[in-house]
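Engineer: Okay, handing you the structure first.
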Amino acid sequence: MGMTIAQKIIKNHLVSGEMIPGKEIALRIDQTLTQDATGTMAYLEFETMGIERVRTELSVAYIDHNTLQCGFENADDHRYIQSVAKKHGIRFSRPGNGICHQVHLERFGVPGKTLIGSDSHTPTGGGIGMLAFGAGGMDVAVAMGGGAYYITMPKMFKVNLTGKLRPFVTAKDVSLEILRILSVKGGVGAIIEWGGEGVKTLSVPERATITNMGTELGATTSIFPSDEITREFLKAEGREADWVALESDADAAYDRIIDIDLDTLEPLIACPHSPDNVKKVSELKGVKVDQVCIGSCTNSSLMDMLKVAALLKGRTIDPSVSLSISPGSKQVLSMLASSGALNDILASGARVLECACGPCIGMGFSPNSAGVSLRTFNRNFLGRSGTADAGVHLVSPETAVAAALTGTVTDPRLLGEMPEIAMPEAFRIDDTAVILPASPEEAKDVEVVRGPNIKPFPQSKAVGDTIEAPLTLKVGDNITTDHIMPAGAKILPYRSNIPHLSQFCFGVCDASFPERAKAAGESIVVGGSNYGQGSSREHAALVPMYLGVRAVIAKSFARIHVANLINAGILPLTFKNPDDYDALSQGDALALKSIHAGMDAGEIVLEDLTTGKSFPLACDFTERQKDMLKAGGLLAYTATL
C-alpha cells in the first residue's frame with residue numbers, strides 16, 4: 001500500500017514507535033521557531049537543560065506578538081530572547097521583521113522537513129510541504145536540545161479539490177468551508193492533506209492560508225504537495241535549491257476523503273464566537289460594521305496585500321469604519337511601498353500598523369464597545385479582540401475591503417471587476433533584520449540579559465497516588481486557551497512572570513477563580529468537550545499548575561493542550577460516560593485514589609465526597625506520559641534520564 005505525503009515525512013524522521021494510528025511515535029525535528037509571547041518561557045526551559053548550543057538544523061526566535069511597548073516588560077523580554085539566541089545558536093528575527101509564520105514561509109521553510117513551533121499556527125509551513133506542528137514551549141525546548149517530539153500517530157484525511165476559485169472567492173473561503181464541514185473539533189487526531197486537480201490553481205500563499213486555518217479544525221497539522229508551484233515560490237525567494245518534490249502515492253489510503261468543488265464556493269463569513277460558525281456573506285447582507293482588520297499570519301502575504309490595495313485604489317473607506325492593515329513581513333511592506341500599492345492603501349483612509357500580529361491577539365486596535373469587527377484572522381473567540389462584548393467575524397481580505405468601503409457586510413462580488421494580481425518573479429530579499437548567533441567560541445562570553453519581570457520557572461509537583469481537592473471551577477464545551485489564559489495588551493507582557501499572570505487565569509469565565517484556587521491550595525477543574533482548543537500557549541497549563549490545579553477532567557481535550565497539561569504535571573482525565581459531567585457541581589469535594597494503578601489499568605475512579613457518587617474516568621497514557629506525570633512534568637522527567 002502506498003503512503004501519504006505526511007506518512008513519507010514521518011517515516012523519514014521516525015525515531016521510535018510504530019506508524020499505527022493511536023500509537024505514540026517520536027520524531028526527529030529539523031527546525032524550530034518561537035515567538036515572544038511563548039518564547040521567553042521556552043528559552044527559560046531550554047536554559048534549565050544546561051545545553052550550550054541548539055542541536056537542530058535551524059532554530060529561529062521571532063519577535064512578533066508583544067511589540068506594543070507600554071512599559072519595560074516587553075522590551076526586557078526581547079533583550080532576554082536576543083541574548084539567549086546569540087549565546088545558544090538561534091537566529092533572532094527582530095521586531096518589525098514580521099510575523100513568524102509569514103517570515104518562516106518566505107525565508108526558512110523547506111519541503112519535506114519537520115518543524116515545531118511554540119505557536120499553534122506553525123502548520124502554516126504545510127503550505128510548502130513541511131510537516132509542521134504547533135507545540136508547547138517545553139516540547140520546543142526539548143527539540144532544540146536534540147530531543148524527539150512525541151505525538152500520537154494521526155489518522156489521514158484528504159481533501160480533494162476540483163475546479164477553480166471564481167473572482168472574489170478565496171483560500172480563506174476554502175478554509176471556512178472545511179470548518180463548516182468538519183467543525184472546530186472535526187480534525188482532532190488527523191493530518192489533513194490537500195490534493196486533487198484544484199490544488200494546481202492555488203499559489204503558495206493561498207495554500208499557506210489554508211494550512212494556517214487547519215489549526216482551527218483541531219487537526220494535528222495540514223499539508224500540501226511540493227510541486228512546480230512550490231518550486232516557483234522558492235525560486236522567487238532565492239531558495240530554489242531548497243525545493244524537493246513531494247506527493248502522495250496513487251494508492252495511498254485515507255481514513256476520510258472530503259470533496260470540495262472550488263467552482264461552487266462563494267464568499268463565507270465566520271460569525272461570533274467560533275471559527276466554525278460559518279454562513280454565506282450574502283446571508284448577513286447589510287449588517288452594520290464598525291471596524292475592519294486586514295492581516296495576521298492567515299492573510300498578510302504580498303498577494304493578499306496587493307489585492308487589498310488594488311480594490312482600495314481610488315476609493316475611500318466609509319466614514320463610520322476604522323480600517324487597519326498589518327503587512328505580514330518587512331518583505332511584504334517594502335514591496336508594497338516600492339510598487340506604489342502602499343500609497344493606494346493610505347489614500348483610502350486605512351491605518352497601516354506594524355508588521356506584527358497586533359489586533360489578532362488583542363495587542364491594540366480593539367473594537368468599540370459592542371462593536372462589529374470583520375477580521376481576516378483565524379480566531380474570533382469571545383474577548384480575544386480585547387473588547388469583551390465585541391462581535392468578531394472572520395472573512396477574506398476581499399470581503400473585508402467590501403465592508404470597509406460600504407460600512408456594512410457586503411458581498412465583495414458587488415465591487416466590480418477583480419483586478420488581476422500575479423505572483424512576482426522575484427521577491428525583495430533583505431535578511432538584515434535576522435541576527436545570526438555568535439560562534440561557539442564567541443558564545444562563551446555572551447551574557448544573558450534578564451529584566452526584573454522575568455521570574456523563575458514555577459516548580460511542579462509529582463502526581464502521587466491520591467489527590468483530594470475541591471472542584472474549584474466547572475466550565476462548558478469548547479473552552480479555549482484564551483478562556484484559560486487570556487491574551488491582550490494588558491496581560492501578554494507578563495508571560496515571563498507566572499505569579500503575576502496567575503491573577504488573570506480563567507478571567508473570561510470566572511474572575512474569582514485565582515483567589516479561590518489559591519485559598520484551596522490544591523484543586524480540580526472540570527470541563528466539557530474540546531477543552532483547551534486554540535493557541536498552543538503552555539501558560540494555559542503552567543498558570544493553573546502554579547495555582548495548584550492537580551487534575552483536569554473533561555469530556556475531551558484538544559491535542560496540544562493535553563500534551564501541555566502532562567508536560568506541566570497536571571493529570572488530564574476524560575469522562576467514560578459524558579453524562580457524568582452533569583452530576584458534578586462546582587464546590588464539590590473530590591477524590592482520586594489509586595492513581596498509579598489506575599493509570600496502568602486505563603481507568604481511575606472519581607469519588608464525589610460531597611454527594612457520595614463515583615464516576616469512572618479514562619486515562620489512556622503511554623508509558624512515557626505516566627513516567628512524566630509521576631515525575632512532575634516534562635522537565636522533571638528529562639532530568640531523570
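The values are calculated or read from the model by the stated rules, or taken from the named source; none is laboratory data. All values reported here derive from a predicted model rather than from experimental measurement. Ideal geometry is used to build each Cβ from the backbone, glycine not excepted, and the neighbour counts take in all protein chains shown.
Engineer: In the range 450-457, is there at least one residue being buried (at least 22 other Cβ atoms within 10 Å of the Cβ) and either touching a helix residue (DSSP H, G or I) at 6+ places or on another chain (Cβ under 6 Å) or aliphatic (A, V, I, L, M) (or both)?
Structural biologist: No: zero hits.
Engineer: Please tell me if K490 is surrounded by fewer than 20 Cβ atoms within 10 Å (Cβ to Cβ) and either outside the structural domain of G598 (by TED's automatic domain parsing) or of a type in the set (V, I, T) (or both). Give the derivation first.
Structural biologist: Numbers: surrounded by fewer than 20 Cβ atoms within 10 Å (Cβ to Cβ): yes; either outside the structural domain of G598 (by TED's automatic domain parsing) or of a type in the set (V, I, T) (or both): no.
Here the answer is no, as K490 does not meet what is asked.
Engineer: Would you confirm, using the coordinates I've provided, whether Q503 is without any contact (Cβ under 8 Å) to a residue 40 or more places away in the chain and not assigned by TED's automatic domain parsing to the domain that holds T38?
Structural biologist: yes
Engineer: Could I ask something else about it? Give me a count of the residues in the range 360-409 that are in a loop (DSSP other than H, G, I, E, B), surrounded by 24 or more Cβ atoms within 10 Å (Cβ to Cβ), out of contact with any strand residue (DSSP E or B) (no Cβ under 6 Å at 6 or more places or on another chain) and among the hydroxyl-bearing types (S, T, Y).
Structural biologist: Result for the range 360-409: 1.
Engineer: Answer yes or no as to whether D627 is closer than 29 Å to G534 by Cα, out of contact with any helix residue (DSSP H, G or I) (no Cβ under 9 Å at 6 or more places or on another chain) and of a type outside the set (A, V, I, L, M).
Structural biologist: no
Engineer: Okay, moving on. Of all residues in the range 143-169 being of a type in the set (S, T, N, Q) and within 30 Å of D261 (Cβ to Cβ), which is surrounded by the fewest Cβ atoms within 10 Å (Cβ to Cβ)? Lay out the reasoning, then the answer.
Structural biologist: So in the range 143-169, the residues of a type in the set (S, T, N, Q) come out as 152, 160, 162.
Still in the list and also within 30 Å of D261 (Cβ to Cβ): 160, 162.
Numbers: N160: 17, T162: 15.
Among residues in the range 143-169 that are of a type in the set (S, T, N, Q) and within 30 Å of D261 (Cβ to Cβ), the one surrounded by the fewest Cβ atoms within 10 Å (Cβ to Cβ) is T162.
Engineer: Which residues, taken from the range 572-611, are surrounded by 14 or more Cβ atoms within 10 Å (Cβ to Cβ) and within 13 Å of A469 (Cα to Cα)?
Structural biologist: Q586, D588, A589, L590, A591, L592, K593, L606, E607, D608, T610
Engineer: Given the criterion within 15 Å of V401 (Cα to Cα), surrounded by fewer than 23 Cβ atoms within 10 Å (Cβ to Cβ) and out of contact with any Asp or Glu (no Cβ under 8 Å at 6 or more places or on another chain), identify the matching residue among D259, D318.
Structural biologist: Details: D259 fails: within 15 Å of V401 (Cα to Cα).
After ruling out the rest, the residue left standing is D318.
Engineer: Now for a separate question. Out of A190, A171, I need the residue that is outside the structural domain of T298 (by TED's automatic domain parsing), out of contact with any helix residue (DSSP H, G or I) (no Cβ under 8 Å at 6 or more places or on another chain), of a type in the set (G, A, S) and over 14 Å from G125 (Cα atoms). Which one?
Structural biologist: After ruling out the rest, the residue left standing is A190.
Engineer: Is the range 511-522 home to any residue that is in contact (Cβ under 8 Å) with a residue 40 or more places away in the chain and under 23 Å from Q625 (Cα atoms)?
Structural biologist: Yes, because at least one residue in the range 511-522 is in contact (Cβ under 8 Å) with a residue 40 or more places away in the chain and under 23 Å from Q625 (Cα atoms).
Engineer: Name the residue that is farthest from H596 (Cα to Cα), counting only residues in the range 435-465 that are of a type in the set (D, E, K, R) and within 32 Å of the chain's Cα centre (by Cα).
Structural biologist: My answer is E447.
For every residue, the table says whether it meets (1) hydroxyl-bearing (S, T, Y); (2) closer than 20 Å to L436 by Cβ; (3) surrounded by 24 or more Cβ atoms within 10 Å (Cβ to Cβ).
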residue	(1), (2), (3)
N12	no, no, no
L33	no, yes, yes
F46	no, yes, yes
I51	no, yes, no
H101	no, no, yes
D119	no, no, yes
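Engineer: Here is a follow-up. Got a sec? Which of T201, T220, T264 is hydroxyl-bearing (S, T, Y), within 27 Å of Q31 (Cα to Cα) and either surrounded by fewer than 22 Cβ atoms within 10 Å (Cβ to Cβ) or assigned by TED's automatic domain parsing to the domain that holds G134 (or both)? Break it down stepwise before answering.
Structural biologist: Values: T201 fails: within 27 Å of Q31 (Cα to Cα); T264 fails: within 27 Å of Q31 (Cα to Cα).
Going through T201, T220, T264 in turn, the sole match is T220.
Engineer: Something else: If a residue counts only when it is under 20 Å from N368 (Cα atoms) and out of contact with any Leu (no Cβ under 7 Å at 6 or more places or on another chain), which strands (runs of 3 or more DSSP E) contained entirely in the range 267-308 have at least 1 such residues? Even if it seems obvious, please write down each step before you answer.
Structural biologist: On the way: elements: 268-270, 278-280, 291-294.
Where strands (runs of 3 or more DSSP E) fall fully within the range 267-308 and carry at least 1 residues being under 20 Å from N368 (Cα atoms) and out of contact with any Leu (no Cβ under 7 Å at 6 or more places or on another chain), they are 291-294.
Engineer: While we're here: For the range 552-641, which helices (runs of 4 or more DSSP H) that fit wholly inside it have 2 or more residues that are in contact with a Cys (Cβ under 8 Å, 6 or more places away or on another chain) and hydroxyl-bearing (S, T, Y)?
Structural biologist: none
Engineer: Show the residue pairs that are 6+ apart or on different chains and have beta-carbon atoms under 7 Å apart, the first residue being within the range 529-549 and modelled with pLDDT of 90 or more and surrounded by 24 or more Cβ atoms within 10 Å (Cβ to Cβ), the second being basic (K, R) and not in a helix (DSSP H, G or I).
Structural biologist: Going by the 7 Å Cβ cut-off, the qualifying pairs are H539/R495.
Engineer: From (1) within 28 Å of the chain's Cα centre (by Cα); (2) free of Cβ contacts under 8 Å to residues at least 60 places away in the same chain, pick out the condition that doesn't hold for D430.
Structural biologist: With respect to (1) within 28 Å of the chain's Cα centre (by Cα); (2) free of Cβ contacts under 8 Å to residues at least 60 places away in the same chain, D430 is out only on (2).
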